[in-house]
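The structure under discussion appears below in the form of structure tokens.
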Amino acid sequence: MQVDETPEQYGEFLAERRAEILDRIREACRRAGRDEGEVCLLAVSKTVGPEEVALAWEAGYRAFGENRPQELKRKVEAAKARPEMAHARFDMIGNLQTNKINMVLGNAELVHSVSSAHLAQAISKRAEAKGVRVRYLVETNVSGEESKSGFSPDEVRREVGSLLELPNMELLGLMTMAPANDPDEARRSFSGLRELRDELAAETGRALPVLSCGMSDDFQIAIEEGSTIVRLGRTVFSPDYQLR
Ligand SMILES: *Cc1c(COP(=O)(O)O)cnc(C)c1O
């Protein structure tokens, strides 16, 4: 919310923007011959507070993404204090250190950002001790950019067998971050992610149905290339962001 904005005004912005985003999602699905029900819209709430999340809930959003364990826990607790938000979904989408795993267990519906076999093993151990199951995605560095974390495609090919055997862990698919400001490169990353998933699914006999890719600048391309979860931050929450 801007300093001079009332919650009502911001709520109106959120609802109008959401309708525009849903239009774009529908159009991208139509271009790709996909059913729009296949695409989950995750509102990335990392730059806003619990009050804005509650307004986004009122505007119709049901699933939220956070990139810090502490903040995820805080947002989940704030949502639980509101009876109408009892079924709000929160996903963990950011870098996770092993000493923060406990904040995420039981709070995140899906962990998108399992970026190494070591981290997957550590989560599995904590999940076993706590008696919970963890649904997760393997974060894959498809573009090969050095600045990006995650498994390389070859590492995923090598590790997927042992990942599937980890106790209390349910591998649902893959996640990637595309290079910024380059639509062609972004498209190549998304299609590469889908092709890698198809290859792993054929090899392991698991469907691995979830592809988490596409952010504010490139979600329409991601949907054309098969994304099932788009992670949108600025375009959902920032009136200054120009939706194209
Ligand atoms: C911040 C963030 C997003 C959302 O990015 P926008 O460009 O604001 O839509 C998506 N995924 C991850 C992992 C993020 O950290």
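Can you pick out the pairs among LYS73/LYS100; LYS46/LYS100; LYS75/LYS148; LYS46/LYS75; LYS73/LYS148 whose Cα atoms lie more than 19 Å from each other?
As for pairs spanning more than 19 Å Cα to Cα, those are LYS75/LYS148; LYS73/LYS148.
Determine the distance separating the Cα centre of the range 131-183 from the Cα centre of the range 69-111; give it in Å without decimals.
Using only Cα atoms to place each centre, the spacing works out to 20 Å.
Amide H to amide H under 5 Å from ALA178: which residues, 5+ apart in sequence or cross-chain, H placed 1.01 Å off N in plane?
Amide H neighbours of ALA178: GLY214.
Between GLU203 and SER152, with labels modelled 7 Å along Cα→Cβ, what's the label distance in nm to one decimal, could you check?
A separation of 1.4 nm, rounded to one decimal place.
Using helices alone, I'd like the mean residue ellipticity at 222 nm for the chain: each DSSP H run of four-plus residues gives -39500 (n - 2.57), total over residue count, nearest 500.
-14000 deg cm²/dmol
Which GluC sites (Glu not before Pro) from the range 159-232 combine a DSSP loop assignment with at most 14 other Cβ atoms within 10 Å?
Sparse-neighbourhood loop GluC sites (Glu not before Pro): GLU165.
Could you grab the relative contact order for the range 7-237? Cα pairs under 8 Å, six or more apart, rounded to a whole percent.
Contact order relative to length: 20 percent.
Find, among the trypsin sites (Lys or Arg not before Pro) in the range 1-109, those assigned to loop by DSSP (not H, G, I, E, B) with at most 15 other beta-carbon atoms within 10 angstrom.
Those satisfying the criteria are ARG62.
Using just the Cα positions, wrap the range 7-237 in a convex hull and report its mean projected area in square nanometres, one decimal place.
12.3
Any read-out appearing in this document is the output of simple, stated calculations on the displayed coordinates, not a laboratory observation. Note that the structure is a prediction, hence the values are computed from the model and not measured. Cβ atoms come from the backbone with ideal geometry, glycine included; neighbour counts cover every protein chain shown.
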